[in-house]
Amino acid sequence: MLPEILKPLKTTYPNSKPALTITVMAPLTRWLLVPIECGFFGRCAVCFSGKVKMMPLSMSEREATVEPLLREHFWEKYREHPSGDAIKRSFIFKNFDVAFEFMQKVATKAKLMNHHPEWSNVYNKVDIVLTTHDAGGLSKKDVEMAQFINEAALQHGVKRPNK
């Protein structure tokens, strides 16, 4: 006998063509639903909806990827963020035009990744916060975006922070 938390949940969408029946296990963790059966040409609920929830970084992933960003690339932990788990950094450029070109480059990458930073710009300064809302904190997408942002900032002549 399965505990209540592990009993399958079944959902039927009778108006879909063909009729769609999805069975999933109840949440095993806060972030993961395990697909068991899907009657929509073998596609699971995740595929049907087109959305995949990101997983937060594990402690080992965090040590391997986030810590170097903090140590070597001037990112900071941002605990005041509503998610409680974010990183932030300020970038200073020569002037507004260069700052705006940098933002355009980052915006293009963000659109391709479907992962958008929280940011603000005043003249030559750009402040960026990265977190993954679906994951409730930092994910691999944040690390990839931060690494891209670092490279783009260097290409645009970012001034070294005073630390």
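The values are calculated or read from the model by the stated rules, or taken from the named source; none is laboratory data. Everything quoted here is computed from the prediction, not taken from an experiment. Backbone-built Cβ (ideal geometry, glycine too); neighbour counts: all protein chains shown.
Which residue, of V46, V52, V34, V66, is surrounded by 16 or more Cβ atoms within 10 Å (Cβ to Cβ) and modelled with pLDDT under 85? Give the derivation first.
Working: V46 fails: surrounded by 16 or more Cβ atoms within 10 Å (Cβ to Cβ); V52 fails: surrounded by 16 or more Cβ atoms within 10 Å (Cβ to Cβ); V34 fails: surrounded by 16 or more Cβ atoms within 10 Å (Cβ to Cβ).
Answer to the selection: V66.
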I need the full set of residues from the range 83-122 which are outside any helix (DSSP H, G or I), in contact with a helix residue (DSSP H, G or I) (Cβ under 7 Å, 6 or more places away or on another chain) and either on the phi > 0 side of the Ramachandran plot or not aromatic (F, W, Y) (or both), in order please. I87, H115, H116, P117, N121
Return the total of residues in the range 123-154 being of a type in the set (A, V, I, L, M) and either assigned to a strand (DSSP E or B) or surrounded by fewer than 17 Cβ atoms within 10 Å (Cβ to Cβ) (or both). 5
Quick test for you: out of V98, V122, pick the one residue that is within 14 Å of A153 (Cα to Cα) and either out of contact with any Pro (no Cβ under 7 Å at 6 or more places or on another chain) or without any contact (Cβ under 8 Å) to a residue 12 or more places away in the chain (or both). V98
Of the residues that sit in the range 58-82 and are part of a helix (DSSP H, G or I) and of a type in the set (D, E), which one is farthest from the chain's Cα centre (by Cα)? E72
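For (1) closer than 21 Å to M55 by Cβ; (2) small (G, A, S), each residue gets a yes or a no:
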position	(1), (2)
H73	no, no
I92	no, no
V98	no, no
M103	no, no
L112	yes, no
Y123	no, no
A146	yes, yes
